[in-house]
Amino acid sequence: MSRWYEMSVTVAGFNRKRKARIVAECMQEWGFGAEDFAEHGRGSPEVKPVLRATARDNLCGGESEEEFADRIAGAIWKANGAYCEVTVHATYLEGLPCGAHVRGKSHYKEWDKERRSSKK
């Protein structure tokens, strides 16, 4: 069974020389495209680089959010050749809170009555 998710991955303190490898590994693990990645903290060697991406795809085969986070973190660490901080925000898109707001004849009549009285 697959479940529709939006995953946001933040990689902090990675080796800038391995950025292309990290991006490629993330694209293998989830539905990311190269255009989904943005780097922050550029231009200053004192500032730890941060790479972020967000994309929607399916978790399949009963994989949990935690298992996905473990899987993508391992792929990122391997591509980076060392530890870097990996944060995953998982949003389950099939069960989001939503509200239905139906406007029936009684609403129309009230709206029409107000519209007509405002013209006078």
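The values are calculated or read from the model by the stated rules, or taken from the named source; none is laboratory data. Not measured: the values here are computed from a predicted model. Positions of Cβ are generated from backbone atoms using ideal geometry, with glycine treated the same way; all protein chains shown enter the neighbour counts.
Tabulated data for the structure shown
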item: Whichever residue in the stretch 25-59 is polar (S, T, N, Q) and out of contact with any helix residue (DSSP H, G or I) (no Cβ under 8 Å at 6 or more places or on another chain) and, among such residues, is nearest to Ile76 (Cα to Cα); result: Asn58
item: Failed item in (1) without any contact (Cβ under 8 Å) to a residue 40 or more places away in the chain; (2) assigned to a helix (DSSP H, G or I); (3) within 18 Å of Val88 (Cβ to Cβ); (4) not β-branched (Val, Ile, Thr), with Glu35 passing the rest; result: (3)
item: Sole residue being at pLDDT 95 or above and either basic (Lys, Arg) or surrounded by 15 or more Cβ atoms within 10 Å (Cβ to Cβ) (or both), chosen from Lys105, Lys78; result: Lys78
item: Residue selected from the stretch 64-111 under the condition in a helix (DSSP H, G or I) and hydroxyl-bearing (Ser, Thr, Tyr), by the criterion nearest to the chain's Cα centre (by Cα); result: Tyr108
item: Given (1) among the acidic types (Asp, Glu); (2) farther than 14 Å from Ile22 by Cβ; (3) touching a residue at least 24 places away in the same chain (Cβ under 8 Å), index of the condition Glu114 fails; result: (3)
item: Out of Ala90, Ala75, sole residue that is under 19 Å from Ser2 (Cα atoms), of a type in the set (Gly, Ala, Ser) and in contact (Cβ under 8 Å) with a residue 24 or more places away in the chain; result: Ala90
item: Residue list for the stretch 23-65, restricted to those being modelled with pLDDT of 95 or more, exposed (fewer than 12 other Cβ atoms within 10 Å of the Cβ) and among the charged types (D, E, K, R); result: Glu35
